[in-house]
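Here is the structure we will look at, set down as structure tokens.
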Amino acid sequence: MPSLNDFGHDPLWISIIKAVVIFVFLVLAVLFGVWTERKLISRMQHRYGPNRAGKFGLLQSVADGLKMGLKEDLTPSGVDKVLYLVAPLILVVPAFISYSIIPFGPVVSMFGVKTPLQLTDLPVAVLLVLAMASLGVYGIVLAGWASRSPYAILGGLRSTAQVISYEIAMGLSFVAVFLYAGTLSTSEIVAKQAGGGTLDIGSLTIPMPSWYAIQLIPSFLIYVLTMLGETNRVPFDLPEGEGELVAGFHTEYSSSLKFALIMMAEYVNVFVVSGLSITLFLGGWRAPWPISLWDGANHGWWPLLWFFIKLVIVFGFFVWVRAALPRVRYDQLMALGWKVLIPLNLVWILLVATFRALRVDKGPVVFTMLAIIVIGALAVYFYFDTANQRRREARAQEIQQDFETLADAPALGGFPVPPLDLPHYHGVHSSKEVTSGSN
Amino acid sequence: MGETFVFWVLAVVSVIAALGLVFSRKAVYSALMLGVVMLSLAVLYAVQDAPFLAVVQIIVYTGAVMMLFLFVLMMVGVDSSDSLVETIKGQRFWAVLAGLGFAVLLALGIGNAFIGPAKGLAAYPQNVPSLAELIFTRHVFAFEVTSALLITAALGAVVLAHRERLTPKLTQRDLARQRFKEFARTGRNPAPLPGPGTYARHNAIDKPALLPDGSIAAQSVNRYVARYEKAEGTLPPEVAQALESDSEALELEKE
């Protein structure tokens, strides 16, 4: 079980090997992550997805990457040349740096050197990820500004506001984990999730879950939302909402290597927040329950496999969300961030801190039950809320009345509308849909 | 050894960045240079065994404060130039005074560090827990006062920016109805503005759409792009002419 003291003793060549392996892993993960996403989402939408380049279309991303490398590198006239060039770099470098503190496994023997499967760890490792995320935003903002295009600048503006707002909620969702783990170092947080202890009710001994995702459910749920917001993924991909902004901040980066860098940064960021969610909430590299019964599961090189499987599942969740949810409106996004996630988080942190101070170990579990009861009661209240119902009916009536007045007076801005109960509107017997061209 | 090396490298970088901050013409570049200075400071903190301060420096200053600066610069617009009118009376005198005061403060601080014995970090073995302990025991009063100050500032901003809503909020349906009433009254086009590039040879954003007779649809000219082109003198004359002759586009410009 590595702790902070195990870091900083690696010989230089071991560090270089680790760094290169992480880099290669991330680049390959981006290549095949894009393929996985396209394939998975197309199956969810009843189509095949890429299936031409290589077996199962496996080489599609490789082909795309080659194409981007060989295409002419256009620089639109009027752009701010320096920043236009630098922005993709600013975007991609912090994303890679963040991965250096993600733990992949325990201490192993690498070419005869005892070393943890993690490039480095710091007393403030988790905050480093937040810091790198806030540097990455510069790439988006500058790409938008340097492009000198209204679409790009709007995309850049949106992303600034969005990422700053969601970073606050994200940072707050870590606080409960810090309070429980008593440390900010990733390797020690994973170690703290090794065992959850037991709950004794009479003669019954129930093993408690050890993952913070279960112990601290509200934090985990908020983190999941903020991780979608922080990486600009659906349903929060407003900075590049193609319906309004063409491609948002990277509109002017037309499929050259710079565009490839932007895409790569986007996917590496997804892997960073996924890796962080695994480390902080999903037990890190430790094997999940049925596997963990086997003694060798958490030793040697096996944890790499568990980490990878968890990473694939979390990434699959990203894809699933993208296939399932529509994009939210911008004001809804900001309202969710500021008016829901942050206050909820603050209240939850207050409760967790109180439980910690009072040494009530099972506090969160009790709290979760209470919360379910309160939410249930509120739901019942709103279901029978007659005042709201009456207000809604009055509004509907007002609109109906307005509509009738306007329909009769085209000069007032209305327009001649045929009676809405004509037979061919709903069909004579409205059981069958009238197909076009049949009437 | 490593620390000295890092110091000299970063000293060069941050001094150049600070000079760039003062002398660069574009406000965005100045803001970026400030960001570089802040990052250099963060690295120096990290080298001095203060990882928490380093990370917080990046998150708070580079990530939040500078980002808000950039946000405002982008919102205000890139073509806004600095106003050179001095609005505060006796501005220069007070600026010089404040500068002198700061220099004295700096000299005292550095002198103190040179003359006094080195404190060292031996008393505080772990950075984060030791910092937490100091903040929440010895300096708890100062900490709370600071937070009260920040909350006051935030509240002040809220109060200044707050406006009481006198009419109900308009929904999309209300807005659409308003547009059609306006159309009935004045004949103003209720539809969205025509997009650029329609029927033109290219569909780029700086190519205006063409009307059926081949003339330029002035409403499709992107005013943001046109403003740049006008400033740089690359606005095509036919577009400028179309913009001038179109009264509705002019009216939009005024709004």
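Among the conditions (1) in contact with a Gly (Cβ under 7 Å, 6 or more places away or on another chain); (2) open to solvent by 30 Å² or more (accessible area, probe 1.4 Å); (3) aliphatic (A, V, I, L, M), the only one that residue A:140 does not satisfy is (2).
The residues of the stretch B:28-42 that are more than 19 Å from residue B:59 (Cβ to Cβ) and either open to solvent by less than 50 Å² (accessible area, probe 1.4 Å) or not aliphatic (A, V, I, L, M) (or both), listed by number, are B:28, B:29, B:30. Annotation note: Cβ proximity below 7 Å between a residue of the stretch B:126-151 that is away from every other protein chain (no Cβ under 13 Å) and a residue that is polar (S, T, N, Q) and loosely packed, with under 10 Cβ neighbours inside 10 Å (sequence gap 6+ or interchain) occurs for no pair. Going through (1) surrounded by fewer than 16 Cβ atoms within 10 Å (Cβ to Cβ); (2) outside any loop (DSSP other than H, G, I, E, B); (3) in contact with a helix residue (DSSP H, G or I) (Cβ under 6 Å, 6 or more places away or on another chain) one by one, residue A:37 falls short only on (1). Helices (runs of 4 or more DSSP H) fully within the stretch B:156-255 that include at least 3 residues being charged (D, E, K, R): B:172-186, B:223-232, B:247-254.
Applying the set (1) within 12 Å of another protein chain (Cβ to nearest Cβ); (2) open to solvent by 10 Å² or more (accessible area, probe 1.4 Å); (3) at pLDDT 85 or above; (4) over 23 Å from residue A:285 (Cβ atoms) to residue A:172 leaves exactly one unmet item: (1). All of A:107, A:92, A:86 fail the test of being out of contact with any Ser or Thr (no Cβ under 9 Å at 6 or more places or on another chain) and closer than 26 Å to residue A:311 by Cα, apart from A:92. Annotation note: Cβ proximity below 9 Å between a residue of the stretch A:199-218 that is under 14 Å from residue A:348 (Cβ atoms) and a residue that is β-branched (Val, Ile, Thr) and modelled with pLDDT under 80 (sequence gap 6+ or interchain) occurs for A:215/A:365; A:217/A:368; A:218/A:368. When A:50, A:94 are checked against the criterion of being within 14 Å of chain B (Cβ to nearest Cβ) and within 17 Å of residue A:267 (Cβ to Cβ), A:94 stands alone in meeting it. Taken over the stretch A:285-332, the criterion of being under 30 Å from residue A:237 (Cα atoms) and outside any helix (DSSP H, G or I) is satisfied by A:285, A:325, A:326, A:327, A:328, A:329.
Selection over the stretch B:208-244 of residues that are under 16 Å from residue B:197 (Cβ atoms), polar (S, T, N, Q) and within 14 Å of another protein chain (Cβ to nearest Cβ) gives a count of 2.
Only one entry of A:114, A:67 meets the criterion of being surrounded by fewer than 17 Cβ atoms within 10 Å (Cβ to Cβ), away from every other protein chain (no Cβ under 14 Å), modelled with pLDDT of 85 or more and outside any loop (DSSP other than H, G, I, E, B), and that entry is A:67.
The single residue among A:10, A:6, A:73 that is acidic (Asp, Glu), open to solvent by 50 Å² or more (accessible area, probe 1.4 Å) and under 30 Å from residue A:300 (Cβ atoms) turns out to be A:6. Can you find a residue that is of a type in the set (S, T, N, Q), open to solvent by 10 Å² or more (accessible area, probe 1.4 Å), free of Cβ contacts under 8 Å to residues at least 60 places away in the same chain and more than 8 Å from chain B (Cβ to nearest Cβ) anywhere in the stretch A:77-85? Yes. The test for being in contact (Cβ under 8 Å) with a residue 40 or more places away in the chain and either surrounded by fewer than 24 Cβ atoms within 10 Å (Cβ to Cβ) or at the interface with chain B (Cβ under 8 Å from one of its Cβ atoms) (or both) holds for residue A:165. For the stretch A:147-158, residues that are buried (at least 24 other Cβ atoms within 10 Å of the Cβ) and more than 8 Å from chain B (Cβ to nearest Cβ) total 4. One residue stands out in the stretch B:179-194 among those that are within 24 Å of residue B:238 (Cα to Cα) and loosely packed, with under 14 Cβ neighbours inside 10 Å: the one that is nearest to the other protein chains (Cβ to nearest Cβ), namely B:192.
The values are calculated or read from the model by the stated rules, or taken from the named source; none is laboratory data. Not measured: the values here are computed from a predicted model. Here the Cβ is made from the backbone with ideal geometry for all residues, glycine too, and neighbour counts use every protein chain on show. Protein only, heavy atoms only, side chains kept; ligands, DNA and RNA dropped before computing areas. Shrake-Rupley method; radii C 1.70, N 1.55, O 1.52, S 1.80 Å.
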